[in-house]
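Novice: Here you go, one structure.
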Amino acid sequence: MEFHRGRLIDHVHLRCRDLAASQRFYRAVLDALGIPVLSESGGHLAADELWLDAADVDGPASRVHLAFQCPDRATVWRVHAAALAAGGTDNGEPGIRELYHP
């Protein structure tokens, strides 16, 4: 495993209420970003520093806002389209957000 010095976050672990739907969604987004899925089974999906698994039946699912870096605006639109096609919801189309970095 490669250690990345100077990063705040090592990995993000999401516990999903519907793992199969989450796997479809993140596979589509990761594919649009050109990021390979490292491993996947009926119980998880792992890609780069992202790990998904199923929430416990009585346990909470993760509620997290994730923002992915894209090399250009065309990729932003491609990721947005892939996310919607894979079951995502639109909270506002892509565009410059003055509160965030470009």
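Novice: Quickly run through the stretch 70-102 and pick out the residues that are among the aliphatic types (A, V, I, L, M) and surrounded by fewer than 10 Cβ atoms within 10 Å (Cβ to Cβ). Show your work before the answer.
Specialist: So in the stretch 70-102, the residues among the aliphatic types (A, V, I, L, M) come out as 74, 76, 79, 81-86, 96, 99.
Passing the criteria: ALA74, ILE96, LEU99.
Novice: Pull up the stretch 30-69, narrow it to residues that are among the charged types (D, E, K, R) and assigned to a loop (DSSP other than H, G, I, E, B), then point me to the one that is least open to solvent (accessible area, probe 1.4 Å).
Specialist: GLU49
Novice: So which residues in the stretch 1-19 are open to solvent by less than 90 Å² (accessible area, probe 1.4 Å) and at pLDDT below 65?
Specialist: HIS4
Novice: Which of the residues belonging to the stretch 54-96 are touching a residue at least 60 places away in the same chain (Cβ under 8 Å) and out of contact with any Lys or Arg (no Cβ under 8 Å at 6 or more places or on another chain)?
Specialist: GLY88
Novice: Run GLU40 past the list (1) at pLDDT 90 or above; (2) closer than 16 Å to ARG17 by Cα and report the number of the one that doesn't hold.
Specialist: Status for GLU40: all satisfied but (2).
Novice: Report yes if ALA67 is closer than 19 Å to VAL12 by Cα, in contact with a Cys (Cβ under 7 Å, 6 or more places away or on another chain) and of a type in the set (A, V, I, L, M), otherwise no. Give the steps one after another, and end with the answer.
Specialist: Working: closer than 19 Å to VAL12 by Cα: yes; in contact with a Cys (Cβ under 7 Å, 6 or more places away or on another chain): no; of a type in the set (A, V, I, L, M): yes.
So ALA67 does not fit the description; no.
The values are calculated or read from the model by the stated rules, or taken from the named source; none is laboratory data. Fair warning: this is a prediction, and the values are worked out from it, not measured in the lab. All Cβ positions, even for glycine, are placed from backbone atoms using ideal geometry, and neighbour counts span all protein chains on display. What goes into the accessible areas is simple: the full protein's heavy atoms, side chains included, and nothing from ligands, DNA or RNA. Shrake-Rupley method; radii C 1.70, N 1.55, O 1.52, S 1.80 Å.
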